[in-house]
Amino acid sequence: MSALELIQLNLLSPVILCFLLGIAATLVRSDMRFPEQLYHGLSIYLLLAIGLKGGVAMVSNPSPGMIKVLLAAVLISACIPLWLYPLLRKLGKFSSADSAAVAAHYGSVSVVTFLAGIAFLQALDVPFEGFLPAVVAVMEVPGIIVALLLVQRKNPAASSWLGSIKTVLTGKSVFLLLGGLLIGVLSGPQGMEKVAGFFVVPFQGVLCLFLLEMGMVASRRFDDLRKTGPFLLVFAILVPVLHAVLAIWLGAHLGLSRGGAFILGILASSASYIAAPATVRLALPQASPALYLTSSLAITFPFNLTVGIPLYFAISAWFFS
Amino acid sequence: MSALELIQLNLLSPVILCFLLGIAATLVRSDMRFPEQLYHGLSIYLLLAIGLKGGVAMVSNPSPGMIKVLLAAVLISACIPLWLYPLLRKLGKFSSADSAAVAAHYGSVSVVTFLAGIAFLQALDVPFEGFLPAVVAVMEVPGIIVALLLVQRKNPAASSWLGSIKTVLTGKSVFLLLGGLLIGVLSGPQGMEKVAGFFVVPFQGVLCLFLLEMGMVASRRFDDLRKTGPFLLVFAILVPVLHAVLAIWLGAHLGLSRGGAFILGILASSASYIAAPATVRLALPQASPALYLTSSLAITFPFNLTVGIPLYFAISAWFFS
Amino acid sequence: MSALELIQLNLLSPVILCFLLGIAATLVRSDMRFPEQLYHGLSIYLLLAIGLKGGVAMVSNPSPGMIKVLLAAVLISACIPLWLYPLLRKLGKFSSADSAAVAAHYGSVSVVTFLAGIAFLQALDVPFEGFLPAVVAVMEVPGIIVALLLVQRKNPAASSWLGSIKTVLTGKSVFLLLGGLLIGVLSGPQGMEKVAGFFVVPFQGVLCLFLLEMGMVASRRFDDLRKTGPFLLVFAILVPVLHAVLAIWLGAHLGLSRGGAFILGILASSASYIAAPATVRLALPQASPALYLTSSLAITFPFNLTVGIPLYFAISAWFFS
Amino acid sequence: MKLITMKRVTIVAEALLADRLQEDVVRLGASGYTCTDADGKGSRGVRASEWEGKNIKIECVVQPDVAQRILKKLADVYFEHFAVIAYCHDVEVVRGEKYS
Amino acid sequence: MKLITMKRVTIVAEALLADRLQEDVVRLGASGYTCTDADGKGSRGVRASEWEGKNIKIECVVQPDVAQRILKKLADVYFEHFAVIAYCHDVEVVRGEKYS
Amino acid sequence: MKLITMKRVTIVAEALLADRLQEDVVRLGASGYTCTDADGKGSRGVRASEWEGKNIKIECVVQPDVAQRILKKLADVYFEHFAVIAYCHDVEVVRGEKYS
Ligand SMILES: Nc1ncnc2c1ncn2[C@@H]1O[C@H](COP(=O)(O)O)[C@@H](O)[C@H]1O
Ligand SMILES: Nc1ncnc2c1ncn2[C@@H]1O[C@H](COP(=O)(O)O)[C@@H](O)[C@H]1O
Ligand SMILES: Nc1ncnc2c1ncn2[C@@H]1O[C@H](COP(=O)(O)O)[C@@H](O)[C@H]1O
Ligand code: NA
Ligand code: NA
Ligand code: NA
């Protein structure tokens, strides 16, 4: 399939259409409100379910090279802020705090983009490694820590070093992904069989509902786009594409399957909008949330979901042929 | 099947039994509380799911005459207040505001009654048109607007005209029904396949849970029945039956299937208890919620769910034989 | 299978692994929060679903001797406090109020332990009687009432007798279990078929999610273990084992199947941590929640889930061979 | 705009007491009350049903003598064994007659 | 630490009015507001959408004259037909300039 | 019924600060606090995690000097970069010793 056909396939999938419907809800000022606790409940479900499935896949189809890939993933995360920080400082003329803050977001990952990538692979029947949820988990934290190291914090309100690290490490996404993986590995396919009716069968539909809300959340930030200027817009689209290509290339060299390398690309490309904002807000209070949240949530996230995913998959063909 | 057999079939379905259990919960003063956010979450699910299924049905089994039926549905809604308002003024001796308020509720529709009607048809394996969710969506608003036009509003607290129309149009039910339809049409049967495990398989069960709560909500209003007098009781039972018969007859003439005409009857017959109360409360604050909510929620809604649905289906046989 | 194999089978089931993951969440101080309304929603679902399934089983495979078993179950509940109260007074040196409070908890039952027992039987394909949810319902209340009768209440803040009884009787678990049973009996297997996609297929998975939260709740009480002393620890493990053995023996004599007798054992063995604490707190405010909640929630509940269930099942072999 | 001075009583208590306290304040003369869910930490930290809803906060606007009676009742009946705090202060209301 | 005296206005109303009341207080001069969900019972007990959210409580810290205007507006427009109560009292704030 | 005058401090802040502010008030001498979820709008309108819980409101009843210290700490540390407001007023409590 050509990139265009892939984009069309992606845009017409229920998952992405629900995301667009959420955006539409904000645009037409619908009074629909997504219950906050439902959002939290669905996110617990999605994290645990994807972990579980990964764990079961790991025992039923063990893929070699997991450790190598995990190390590479940590390295990718840690290096991203190292080049983004000077880029934002110099080219973007951002303050030191703002540069570190934005860099932290791109060093971390977006779990929802990952889930949409997995759904895309499943629609195409492309296989991928079972241990990928572990890759998500290890990529969430390093980039944030490295970015925070790049800037001096003398604000009395800033959280302590230890505090910041604790915040990211005890976050629920890392915990549930790894916990799910472990449960999947321990209980195996027979265990999975009993709970597949809850954790597998409705999964894609639940993801739809979740993306409906994410569409609303992302589009509520669209207004800020006017304030943040053109540099950030270009940054938040080109940088993800670049990261995706590099990571897919690296994944291919590490021996990942095409599906796996594609997902590594998605992860490198994606920007965090849950773990990173919470940590950065407390560690760098002087950085402007309007900058880092707008770029990660209102530009990169919708771009990746709609165009990025099929584009990166088309690109991955270059390295696997 | 005779009307009596149909009533029995309906009363013994899990959906209606759950509704009755909800009523029982209030009567025995159980301390069961239905979490408010769960209620909202389930309603989002039900609206989106029924829209989706309708949309997919529209592309896989296109039924002709949709536009004609939609126009007729708008007309039905708009006309209902026109005759109910004088009826309530003259026969019921209601104030002008109260008459308009009650008329607005019967001019609009109850989505839950619609869902119960669909579940009833599915239990009997009776087919119906895929575009029916669109019919629900277009019938929600016109009756409310017409009813509000009938009464002069000079209260300083009353919401403006524009405000009222905005409130009903941006309501979540219209938005989700139409959004679901659109997603269904765009993603088609292959898209649906991926999410059927969430939007189709558990649908009827979710409806049960939802009706458990609706039973509690409706029965909490039973106390008000003593205050509102016998006229409203007779009104809230006879008028729905009349509307149902007329709409089924009209549906038959418009070329709808028996199932479709039956659903049109259900819709005409049903009274709103979500969109209408919220709009009317703000537009006609001097009207008594005890009157309009008691009639729509504590009389018409339970009557339609338990007796109306099978009765109207039996009646629909007259026009299709 | 040996007791050890059964323990291993149980510990590696997703349901129990999720419970352990919940405990781990507290231990590593994860910031994961389980939405409160989700907890309530899941509990409504689980109670209704287990009732429903029992009701359908009652009509499709009627098991004889239900009345006899229900009477025995009431008797077991009522007698438990009669011997625990003096035990706690004399051996434990607890105050009169504290003794009655703890006795009330062990006289009542834990629905979640029951559900885990059912899941365990299903994993082993062991059949059980359909009316067991009714047994749960009748065992919830008597032990609490008897225990409260044992101690004089002269505190002005204590709730009245009638108040206490009302509280336990109108509790949602009794209501939903019996309501679900009734709906199951009335709508039968055909009714069930329509809602199985919601009430049967995802059941075990939902139970997993619920136990994740229960693990967090139970483990938040672990700190209190140091304060409550070794007597309570021994008490909260030995007494449940004793109750289980006696109840299984009794169940065998009442003609229950091995599965049914095992569940009766689970119920006798389990301690309430929902109905009993709420009632006891209001009726005996001077009793220390740290004592009764720690023993029931932080000791007996995790013990039964992890070790008790397979142990009691192994023991049940003695009486059925 | 004539404002009348009344007392606002605030009660924070474990959620289990909600129904009882609401009945109490009405019985002691409050014309109404407003109740919100709350979390909290105090010197006792004892609660019977951790995950069944935490604390509640009841606020009522009442005549001074009613405020006195409510505070006294709380001190007499609930303070010893339950997690409850209460306090009051003056507020100015429109249409004072609504509250008596 | 210099503290400045301002007025805190508290409004409890049926949830349906949330948007309107929030707009009103800002239009009448409040620099912001804080809004919480609440339950309650009053002398009227009338509400149009029982299960669609119950009451809301809006609190805003404002200059005395703004408080007067808010209370007057509520009395004039909402008190007759809607379930609304409102009252105010003095509070001491840090950095009074934030509120005007 | 002897009543003692104390200060009630009210803090409204973005939810992310909940843990820190709760620790702060206890460290500065509050014997406890009550915390509710809230929504709100202010002059800044900046928040980092829109859908992860909005604002929180912390209320604590404390001795006047503790109130001073809490307000000072907030002004010194949080006011510049975070969405935080705080104010206090007198309340009358039963059993004043509980709060010190
Ligand atoms: N000094 C205080 N200020 C505000 N709220 C308090 C204070 N002390 C206790 N509380 C509240 O009252 C509840 C019960 O307090 P206690 O009985 O001291 O455990 C706590 O959970 C808090 O919500
Ligand atoms: N005396 C009162 N004290 C505190 N809140 C009240 C009082 N009276 C009424 N309320 C609140 O105001 C709402 C509307 O009251 P009403 O208009 O009297 O029905 C109620 O639901 C309560 O939340
Ligand atoms: N004048 C005010 N009255 C009441 N609450 C306010 C006021 N101004 C701000 N707030 C609350 O404080 C939070 C932060 O305000 P700000 O820092 O001005 O954005 C807002 O979200 C409101 O909840
Ligand atoms: Na990244
Ligand atoms: Na109608
Ligand atoms: Na027991």
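Here are the numbers for the structure shown:
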{"quantity": "Selection from F:82, F:60, F:42 lying farthest towards where the dipole of chain F points positive, charges on Cβ", "calculated": "F:60"}
{"quantity": "Radius ratio Rg over Rh of the range B:130-210, counting only Cα atoms, Kirkwood formula for Rh", "calculated": "1.14"}
{"quantity": "Modelled FRET efficiency - R0 51 Å, residue F:4 with residue C:71, Cβ distances, 0.05 increments", "calculated": "0.30"}
{"quantity": "Cα shape, the range B:174-277, gyration tensor, a/c 1.5 rule", "calculated": "oblate"}
{"quantity": "The range C:93-217, relative contact order in percent, only Cα pairs under 8 angstrom and at least six apart counted", "calculated": "31 percent"}
{"quantity": "Residues losing 30 Å² or more accessible surface upon assembly, the range C:165-193, compared with the chain by itself, 1.4 Å", "calculated": "C:170, C:172, C:175, C:183, C:186, C:187"}
{"quantity": "Surface accessible to a 1.4 Å probe, residue D:90 within the full protein complex, Å²", "calculated": "80 Å²"}
{"quantity": "Separation in nanometres of the label points that stand 7 Å from Cα toward Cβ, at residue C:61 and residue A:321", "calculated": "6.0 nm"}
{"quantity": "Cα gyration tensor category, rounded, prolate or oblate, for the protein assembly as shown with a/c compared to 1.5", "calculated": "rounded"}
{"quantity": "Solvent-accessible ranking of C:223, A:98, largest area first, probe 1.4 Å", "calculated": "C:223, A:98"}
{"quantity": "Inter-copy spacing of residue C:321 label points, which lie 7 Å from Cα along Cα→Cβ, given in nm from shortest upward", "calculated": "7.0, 7.0"}
{"quantity": "Size-normalised alpha-carbon gyration radius of chain A, reference 2.2 N^0.38 Å", "calculated": "0.95"}
{"quantity": "Whole-number D in µm²/s for the range C:217-265 (Stokes-Einstein; Kirkwood sum over Cα pairs; 20 °C, 1.002 mPa s)", "calculated": "172 µm²/s"}
{"quantity": "Average Cα contact separation per residue, chain E, under 8 Å, 6 or more apart, as relative contact order %", "calculated": "51 percent"}
{"quantity": "Sum of side-chain charges, residue A:9 neighbourhood, beta-carbon under 13 Å (Lys, Arg +1; Asp, Glu -1)", "calculated": "-1"}
{"quantity": "Total charge dipole magnitude, the protein assembly as shown, about the Cα centre, Cβ charges on Lys, Arg, Asp, Glu only, Debye to nearest 20", "calculated": "2200 debye"}
{"quantity": "Gyration tensor verdict on chain F (Cα atoms; rounded if a/c is under 1.5, prolate if a/b is larger than b/c, oblate otherwise)", "calculated": "prolate"}
{"quantity": "Any cysteine of chain A lacking a neighbouring Cys Cβ under 4.7 Å - listed by number", "calculated": "A:79"}
{"quantity": "Accessible area (Å², per residue) of the range A:17-140, counting only protein heavy atoms and a probe of 1.4 Å", "calculated": "34 Å²"}
{"quantity": "Net charge over other residues, Cβ less than 12 angstrom from the Cβ of residue A:61 (K, R count +1; D, E count -1)", "calculated": "0"}
{"quantity": "Sequence-distant lysines (8 or more away, or on other chains) whose Cα lies within less than 27 Å of residue B:68", "calculated": "B:53, B:166, B:172"}
{"quantity": "Pair residue E:95, residue C:162: separation of 7 Å Cα→Cβ label points (nm)", "calculated": "5.7 nm"}
{"quantity": "Ascending list, in nanometres, of distances separating the residue C:234 label from those of the other copies (7 Å, Cα toward Cβ)", "calculated": "7.8, 7.8"}
{"quantity": "Relative contact order of chain C, defined on C-alpha pairs under 8 angstrom at six or more residues apart (%)", "calculated": "33 percent"}
{"quantity": "Top positive-direction residue, dipole computed over the range A:3-316 with Cβ charges, set A:260, A:282, A:74", "calculated": "A:282"}
{"quantity": "Scattering profile of the range A:267-311 at q = 0.19, 0.23, 0.31 Å⁻¹ [log10 I(q)/I(0), Debye over alpha-carbon scatterers]", "calculated": "-0.58, -0.77, -1.09"}
{"quantity": "Charge dipole (chain B, unit charges on Cβ, about Cα centre) - positive-most of B:65, B:296, B:228", "calculated": "B:228"}
{"quantity": "Accessible surface of the range B:3-316 [probe 1.4 Å, protein heavy atoms]: carbon and sulfur percent", "calculated": "69 percent"}
{"quantity": "Residue C:85 - accessible surface, heavy atoms, 1.4 Å probe, Å² rounded to 10", "calculated": "40 Å²"}
{"quantity": "Beta carbon of chain B nearest to the axis of the rotation taking B to C, residue and angstrom distance", "calculated": "B:37, 3"}
{"quantity": "Inter-copy separations for residue D:26, label at 7 Å along Cα-Cβ, nm, ascending", "calculated": "3.6, 3.6"}
{"quantity": "Candidate residues C:74, F:91, F:77: accessible-area rank, largest first, probe 1.4 Å", "calculated": "C:74, F:77, F:91"}
{"quantity": "The protein assembly as shown - mean residue ellipticity at 222 nm from DSSP helices (-39,500 (n - 2.57) per run, n ≥ 4, rounded to 500)", "calculated": "-19500 deg cm²/dmol"}
{"quantity": "Dipole magnitude of chain A about its Cα centre (Cβ charges: Lys, Arg +1; Asp, Glu -1), debye to nearest 20", "calculated": "840 debye"}
{"quantity": "With DNA, RNA and ligands ignored, accessible area of residue B:90 (1.4 Å probe; Å², nearest 10)", "calculated": "140 Å²"}
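The values are calculated or read from the model by the stated rules, or taken from the named source; none is laboratory data. Just so it is clear, the structure is predicted and the values come from calculations on it, not from any experiment. No Cβ is skipped: glycine too gets one built from the backbone with ideal geometry, and neighbour counts run over all protein chains shown. Remember, those area values only see protein heavy atoms, side chains included, never the ligands or the DNA or RNA. Shrake-Rupley method; radii C 1.70, N 1.55, O 1.52, S 1.80 Å.
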